[in-house]
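Comments concern the structure below.
Derivation of every value follows stated rules applied to the coordinates shown; laboratory data play no part. Being a predicted model, the structure only gives us computed values, none of them experimental. A quick note on method: Cβ atoms are made from the backbone with ideal geometry, for glycine too, and the neighbour counts reach across all protein chains shown.
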């Protein structure tokens, strides 16, 4: 099975192409609000490295957030586009926080800066594949009070594509997929005041 994995919700654009359990292409492209300029370039590089056409992909796994509002939407939009190009291409999702923790062992605190002392965070027991603390928008200090053996952030993490592929959830209707924002945008919050 040919699997493309894309996550753009953090400061690092992650892309991987796997043929079954073999990692053919993997990249971590650091950026600051500029993933839109390279996301399709990375998908193209992955396909070229695998010597396949885009429509030969069997499934796409996208990180659905939480994270940067615009960043989250990019990977989801690209995944939805690819899945609707060819009926046989399946769309799957993975939590960005889980994706970030997937390359580690132990009890991993995964966090993305949400400003003003807050983070999008969760804690995962990666050895037993369990959620210790559910994803939430929470004060960083409050999250850190929970037991954990390591911390991964939006700037530095290691993905295990095999773990991601094993834990991804299939999307029944790709056109209806909505990212996991975990909070309203600033404009939405200001309108509700």
Q.
Condition first: closer than 30 Å to residue 53 by Cα, touching a helix residue (DSSP H, G or I) at 6+ places or on another chain (Cβ under 6 Å) and crowded, with 20+ Cβ neighbours inside 10 Å. Can you find one or more residues in the stretch 120-137 that meet it?
A. no
Q: Would you be able to tell me the number of residues in the stretch 45-58 that are surrounded by fewer than 24 Cβ atoms within 10 Å (Cβ to Cβ), outside any helix (DSSP H, G or I) and in contact (Cβ under 8 Å) with a residue 40 or more places away in the chain?
A: 3
**Q.** Meets criteria (buried (at least 16 other Cβ atoms within 10 Å of the Cβ), free of Cβ contacts under 8 Å to residues at least 40 places away in the same chain and part of a helix (DSSP H, G or I)) for residue 75
**A.** no
Q.
Can you tell me which of (1) in contact (Cβ under 8 Å) with a residue 24 or more places away in the chain; (2) closer than 21 Å to residue 100 by Cα; (3) surrounded by fewer than 15 Cβ atoms within 10 Å (Cβ to Cβ) is the one residue 22 doesn't meet?
A. (1)
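Here is a yes/no grid of residues against (1) on the phi > 0 side of the Ramachandran plot; (2) surrounded by fewer than 24 Cβ atoms within 10 Å (Cβ to Cβ); (3) in contact with a strand residue (DSSP E or B) (Cβ under 9 Å, 6 or more places away or on another chain); (4) part of a loop (DSSP other than H, G, I, E, B):
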position: 36; (1), (2), (3), (4): no, yes, no, no
position: 40; (1), (2), (3), (4): no, yes, no, no
position: 43; (1), (2), (3), (4): no, yes, yes, no
position: 60; (1), (2), (3), (4): no, no, yes, no
position: 79; (1), (2), (3), (4): no, no, yes, no
position: 105; (1), (2), (3), (4): no, yes, yes, yes
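Is it true that residue 95 is under 24 Å from residue 27 (Cα atoms), touching a helix residue (DSSP H, G or I) at 6+ places or on another chain (Cβ under 6 Å) and crowded, with 21+ Cβ neighbours inside 10 Å?
no
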